[in-house]
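Everything on this sheet refers to the single structure shown next.
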Amino acid sequence: MTAIAENIIHIKKELQAYNATLVAVSKTKPAEMLREAYQSGQKIFGENYVQEMADKQKTLPADIKWHFIGHLQSNKVKYIAPFVSLIHGVDSFKLLKEINKEAAKISRVIDCLLQLFIAEEETKFGFTVDEIREAILSDDFKNLNNICIKGLMAMATNTDDKEQIRKEFKSVKLFFDELKTQQETENFKPGIISTGMSNDYKIALEEGSNMVRIGSLIFGERE
Ligand SMILES: *Cc1c(COP(=O)(O)O)cnc(C)c1O
C-alpha cells in the first residue's frame, strides 16, 4: 500500500467515531497523487485555486466530488460552476449572489458553506455571526433559488495555543446550533460544520466538526 493510501485509511478510521467526512486537500499536488488517493477509496478533494481545480477535474475520474475551499473571486465562479460539488468559503453576500447567478445559467443548485470569521487575525476572510443572521433573513436571500446553504466553514487562528483553537471551534458549533433552530427552506439546510485541518482537526472533531479538510497529513508538506 502506498503512503498516501495508508494516511487516508488511518485518518478515516479516526473520523468514524465522529461520523465526519474527509476532504482530501490536494492543492499544489500533482494529479497522480490524487489518483493514488482515489484508488484508496477517497472521492472528495479540496482545492484552493480555480484554474488548478478545473484542470484536474478534466483529467481525473468523473465521480470525484470537487470542493472549492479557497478564497473565491466573483469573476471566477463561472469556471467551476458546472462541476463544483461544494463551495466552502463563501465570505460575502456579493459572492453568494454571483454563485447563484452562474448556477442559474446552467440550471444547477450549488451547495455552499458560509465562512464564519473566528480567528484573531486580520488576514482570514469571512462573515461575522451578525452578518450571517442578517443575510439569511433578508428578502434578497429568499430569492436565491440556485444555491443552498449547507452549513458553516471556519478556520481557527494559526497558533500553538490549543485552548484558543478549542474556544474558536466551540463558537462555530454554538452558532451552528443557533442556525439549526431556524426553519429549513429550499436554500437553507444547515448540516455541515467544516472545521479542522492537519494541525487542529482532532480539536475540531471534539468540538463538533463533521467535515475536516486535511492536506499535508495525507500528501506531505507543500512547497
Ligand atoms: C490548505 C488548506 C487546508 C489544508 O491544510 P493542511 O494544513 O495541509 O491540512 C484546509 N483548509 C483550507 C481552507 C486550506 O486552504
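Remarks
- Scanning the range 65-78 for residues that are closer than 15 Å to LEU34 by Cα and surrounded by fewer than 19 Cβ atoms within 10 Å (Cβ to Cβ) returns a single hit, LYS65.
- Some residue of the range 196-209 being touching a His at 6+ places or on another chain (Cβ under 8 Å) and outside any helix (DSSP H, G or I): no
- In the set (1) touching a residue at least 24 places away in the same chain (Cβ under 8 Å); (2) under 16 Å from GLY215 (Cβ atoms); (3) within 19 Å of the chain's Cα centre (by Cα); (4) away from the ligand (no atom under 12 Å from the Cβ), LYS78 fails one condition alone, (2).
So that you can scan it fast, the table gives a plain yes or no per residue for (1) in contact (Cβ under 8 Å) with a residue 60 or more places away in the chain; (2) among the polar types (S, T, N, Q); (3) touching a Pro at 6+ places or on another chain (Cβ under 8 Å):
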| site | (1), (2), (3) |
| --- | --- |
| ILE4 | yes, no, no |
| HIS10 | no, no, no |
| TYR18 | yes, no, no |
| LEU22 | yes, no, no |
| SER26 | yes, yes, no |
| SER40 | no, yes, no |
| PHE45 | no, no, no |
| GLN51 | no, yes, no |
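- Restricting attention to the range 79-117, the residues that are closer than 19 Å to MET197 by Cβ and open to solvent by 30 Å² or more (accessible area, probe 1.4 Å) add up to 1.
- LYS150 open to solvent by 30 Å² or more (accessible area, probe 1.4 Å) and free of Cβ contacts under 8 Å to residues at least 60 places away in the same chain: no
- Considered as a group, the residues in the range 179-223 that are without any contact (Cβ under 8 Å) to a residue 12 or more places away in the chain and more than 16 Å from the ligand (Cβ to nearest atom) include one that is nearest to CYS148 (Cα to Cα), and that residue is GLU184.
- For the range 4-27, taking the residues that are away from the ligand (no atom under 16 Å from the Cβ) and among the aliphatic types (A, V, I, L, M), the one that is surrounded by the fewest Cβ atoms within 10 Å (Cβ to Cβ) is identified as ALA17.
- Yes/no for LYS142 being buried (at least 19 other Cβ atoms within 10 Å of the Cβ), charged (D, E, K, R), modelled with pLDDT of 95 or more and in contact with a strand residue (DSSP E or B) (Cβ under 9 Å, 6 or more places away or on another chain): no
- Flag for LYS94 being outside any loop (DSSP other than H, G, I, E, B) and free of Cβ contacts under 8 Å to residues at least 12 places away in the same chain: no
- Residue within the range 153-172 that is free of Cβ contacts under 8 Å to residues at least 12 places away in the same chain, within 20 Å of ASP91 (Cβ to Cβ) and within 16 Å of the ligand (Cβ to nearest atom) present: no
- Set GLU168, GLU178, GLU163: member being of a type in the set (D, E, K, R), open to solvent by less than 50 Å² (accessible area, probe 1.4 Å) and in a helix (DSSP H, G or I): GLU168
The values are calculated or read from the model by the stated rules, or taken from the named source; none is laboratory data. Remember, it's a predicted structure, so these values are computed and weren't measured experimentally. Backbone-built Cβ (ideal geometry, glycine too); neighbour counts: all protein chains shown. With ligands, DNA and RNA removed, areas are computed over all heavy atoms of the protein, side chains included. Shrake-Rupley method; radii C 1.70, N 1.55, O 1.52, S 1.80 Å.
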